[in-house]
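Novice: Handing you a structure now.
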Amino acid sequence: GVDGDSRLHQVLVAFFTGLGLYNAIELVGMVFLTFRKYKGTYFWSLLVAAFGIVCASLCNILKTLDIFNTGDGEYVPLVLGTVGWWTMVTGQAFVLWSRLHLVLQGPRSDQVLQWTKRMIIFNAIMLFVPTTTLTWTANRQGAHNHNFTAAYAVMEKIQMSGFYLQETILSCIYIWEATKILRTSRWRATYRILKQLILINAVIIAMDLGVLLLEATSRHILQVLVKNLIYSIKLKLEFAILGKLVRCV
């Protein structure tokens, strides 16, 4: 099996973390090469999400190699993990949100945009703050309070479920609106891009569900191993298709 101290665990961390880091760094390069103007929610949310993946990956490396495990140094991986998780998840949500207006149609489009933005901000506050508090308390060196550890395990499942629901809602809006556009579109290029948009959002939902199931079945170590890589893949898929939307809708 895979446990936190096994040789197999170290190999898997190197593999999954290396791929996630590569994807994030490559994406940053692609963003700067693709954008002519370095501004806008889409541009910055891509960079923030990629930055989060890098921080979260470095956290995994430091924990696995047992670096900064004494004194004040023990907080280095915790800071990286906390900053990485916040920016990776919220940044990715805003990547999806920033291009949502391209597919929304009808008089309620502005309301949907406002509601989804508020949802992202609300979830960030209500899910990140208690989870971060419990994470720091449960991981504090020398703390042996099992109540905090148990509370963290419960809160981790709650926040994973909350963020899964958030991304599922955003992806389902894309799928629903793209399907509506497909019914009236006669342009072959538009038809192809919108079908890719639907497929990619379905894949995103499936990948998020896979990570959620790992956490729900108490396979926390495996969930941590694959999560950063999954987020890096999702981010690259979103970057690949959302950039094309501007040309077809």
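Novice: Examine the stretch 191-207 for a residue that is modelled with pLDDT under 90 and closer than 28 Å to M155 by Cα, and state whether such a residue exists.
Specialist: Within the stretch 191-207 (the criterion being modelled with pLDDT under 90 and closer than 28 Å to M155 by Cα), the answer is no, since none of the residues qualifies.
Novice: Could you go through the stretch 223-238 and let me know if any residue there is exposed (fewer than 14 other Cβ atoms within 10 Å of the Cβ) and in a helix (DSSP H, G or I). Even if it seems obvious, please write down each step before you answer.
Specialist: Residues of the stretch 223-238 exposed (fewer than 14 other Cβ atoms within 10 Å of the Cβ): none.
Looking for residues that are exposed (fewer than 14 other Cβ atoms within 10 Å of the Cβ) and in a helix (DSSP H, G or I), one finds none in the stretch 223-238, hence no.
Novice: Looking at the stretch 78-99, which of its residues are closer than 18 Å to G40 by Cα and more than 11 Å from the chain's Cα centre (by Cα)?
Specialist: Filtering the stretch 78-99 down to residues closer than 18 Å to G40 by Cα leaves 87-88, 90-99.
Matches in the stretch 78-99: W97, S98, R99.
Novice: Another question, then. What single numbered condition from (1) closer than 25 Å to A202 by Cβ; (2) crowded, with 17+ Cβ neighbours inside 10 Å; (3) modelled with pLDDT under 90; (4) of a type outside the set (A, V, I, L, M, F, W, C) fails to hold for Y152?
Specialist: Single failed check for Y152: (1).
Novice: In addition: If you check I169, I173, I181, I205, which single one turns out to be touching an Asp or Glu at 6+ places or on another chain (Cβ under 8 Å) and over 16 Å from A240 (Cα atoms)? Show your work before the answer.
Specialist: Details: I169 fails: touching an Asp or Glu at 6+ places or on another chain (Cβ under 8 Å); I173 fails: touching an Asp or Glu at 6+ places or on another chain (Cβ under 8 Å); I181 fails: touching an Asp or Glu at 6+ places or on another chain (Cβ under 8 Å).
Step by step, each of I169, I173, I181, I205 is checked, and only I205 is touching an Asp or Glu at 6+ places or on another chain (Cβ under 8 Å) and over 16 Å from A240 (Cα atoms).
Novice: A further question on this structure: If you check A189, A138, which single one turns out to be assigned to a helix (DSSP H, G or I) and more than 26 Å from L100 (Cβ to Cβ)?
Specialist: Values: A189 fails: more than 26 Å from L100 (Cβ to Cβ).
One residue alone meets the criteria, A138.
Novice: In the stretch 193-214, which residues are under 15 Å from the mean Cα position of the chain (by Cα) and of a type outside the set (A, V, I, L, M)?
Specialist: N201, D208, G210 - these are the residues of the stretch 193-214 that are under 15 Å from the mean Cα position of the chain (by Cα) and of a type outside the set (A, V, I, L, M).
The values are calculated or read from the model by the stated rules, or taken from the named source; none is laboratory data. These figures come from a predicted structure and were not determined experimentally. Methodologically, a virtual Cβ is constructed for each residue, glycine included, from the backbone with ideal geometry; neighbour enumeration extends over all protein chains shown.
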